Amino acid sequence: MDMSSSSRKVSIPAAALQGSLRDYRAPTGPDLVGRVDGFFEWQDLRRRNEVWPYARSTETAPATFCKVRSDADRSFQGINFASQDYLSLSSHPRIKQAAIEAVERYGVHSAGSAALLGNTANSLELEAKFSDFLGGREVVLYPTGWSAGFASVQGFVRPDDHVVMDVLAHSCLQEGARAATQNIHHFAHLNTGAVIRRLSKIREKFPDAGILVVTESLFSMHSDVPDFAGLREACDTYGATLLIDCAHDLGAMGPGGLGNLGATGMLGAADVLIGSFSKSFASNGGFVSVKTRSAAEYLKYFSATQTFSNALSPVQAAVVATALDIIRSEEGDERRHRLMDNILYLRRTVENTGLRALGVPSPIVPVFVGSEALGRLIARRLPDFGGIANLVEYPAVPKAESRFRFQVMADHTHADVDRVVVALGQALDAARTDLELCVTTDENPLKSPGTAASAAA
């Protein structure tokens, strides 16, 4: 903890507390490179005033306590609720040994796409293990979870098809849809009735078009879950295909680690099931799972991020396969039990302070803040009191609904939870005082049109 925290500089320009990334998403002008300067000016103003909470780096393993360096080169340490290592497997002895053995046998690089000699015995073993884990479904591996999500839409959808997508679906799904078709229909978050209405209209007008309905099994900014049975029934009624992204709950939740779909007996509901290895499986990488060999083989040659990307490295494949063995074992059950105990304790402790934990119990505990300016000031102060968590603000969440996304690990203790919630309360109190001081000035050193739009936002 920085003992000088109470005396740190507070005079922060108004522009650093206003605006959002969305203001700079579509710059205009003939100079494709130079026209992004306005974004950097705004970003760097936030960086210099310590209210740019992104691009931090760990200086130790991403464990429950770690050392971190900010994008402004400030070093700090504290209780870590910002890393996505839900089952605390990233430094597990078996995981590290599997990585070492893979390096000794295969080296560190796949050295090719899966189509062109990039597969290894490790990746083929992982495909077989994951297929068994998912009840015999076909599995196609991808180098990242993002690339798997993108491919799951882009690989199957063509220009005359339609995508019906939850408005909060992940970026990889949104971008996959944009790459595939202009016929994209968003529906209000978790609104199954809206899905039915859109499907009815599309099918009436386009009786022969393909329709892909896209949702997630756990939404990472809200920690909430859709109506799987209702979506499956709607897809059956209107001849649509159902895609479910299980990146955040597979492995970490549900019986045997099968997530919310497993817990509700709906694993078979997804025609296309996708996920990431980066949350519970201790590695980068992702997968798309389908019900037929023909669909899997098609993806291998018509989803761009599989065909034209290097395959998972032998180290990644060995790590994920070992993580899966742990997840399916008694140790996996025990780790999920500890994880859920920590989740429930964190939610109770947060709410006992008068703050609000959003959504349902999951490894993601979003703690509501509201004002973007207040959120940025809390993020600035939180490390001073020994806490590490990620601020999420507009446009990742609705305007004036910023929040801290606490990501819980199995190896956290109740003492860790107590300490980080105390740190959050102290940071909130300090930030409220800072905000009162900041709003007494109109200082806004940015004069570009992009920044004017920010200030008005």
### Query
Between the helical axis of 372-381 and the dominant principal axis of the chain, each derived from Cα atoms, what acute angle in degrees is found, rounded to the nearest 10?
80 degrees
### Query
Share of antiparallel DSSP beta bridges in the chain, in percent to the nearest 5?
60 percent
### Query
Hey, quick one: spin label on ARG293, modelled 7 Å out along Cα-Cβ, who in the range 111-153 has an amide N within reach, i.e. under 12 Å?
138
### Task
In whole angstrom, note down how far apart the Cα centers of the range 363-423 and the range 205-220 are.
32 Å
### Query
Quick one: which of LYS96/LYS300; LYS67/LYS96; LYS201/LYS291; LYS279/LYS300; LYS96/LYS129; LYS67/LYS129 span more than 26 angstrom between C-alpha atoms?
LYS96/LYS300; LYS201/LYS291; LYS67/LYS129
### Query
Just the Cα atoms of the range 93-327: what Rg and Dmax do they give in Å?
17.5, 59
### Task
Enter the Cα centre distance for the pair the range 72-99 and the range 34-66, rounded to the nearest angstrom.
19 Å
### Query
ALA121 to THR413: extension gain in nm, 0.36 nm per residue of separation minus the Cα-Cα distance?
101.3 nm
### Task
Give me the angle, in degrees from 0 to 90, between the Cα long axis of helix 314-327 and the longest principal axis of the Cα atoms of the chain, rounded to the nearest 10.
90 degrees
### Summary
Once ASN310 and GLU351 are pulled to full extension, the length gained, defined as 0.36 nm per residue separation minus their Cα-Cα distance, is 10.2 nm
#### Entry: Cβ crowding within 10 Å averaged over residues, with 413-426, 193-206 ranked highest first
413-426, 193-206
### Task
Return the whole-Å distance between the Cα centroid of the range 284-307 and the Cα centroid of the range 145-203.
18 Å
### Computed helical MRE - 222 nm, the chain, DSSP H runs ≥ 4 contributing -39500 (n - 2.57), nearest 500
-12500 deg cm²/dmol
### Helix axis angle, 37-48 relative to the chain longest principal axis, alpha carbon, degrees
60 degrees
### Summary
Between the modelled labels at SER200 and ARG105 (7 Å from Cα along Cα→Cβ) the distance in nm is 5.6 nm
### Query
Length gain on complete extension for the stretch ALA128 to ARG178, per 0.36 nm per residue less the alpha carbon to alpha carbon distance?
14.8 nm
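Bear in mind these aren't lab numbers, they're just calculated from the coordinates by the rules spelled out. Predicted model, so just to flag it, every value in this text is computed and none were measured. Neighbour counts are summed over all protein chains in view; Cβ atoms, including those assigned to glycine, are modelled from backbone coordinates with ideal geometry.
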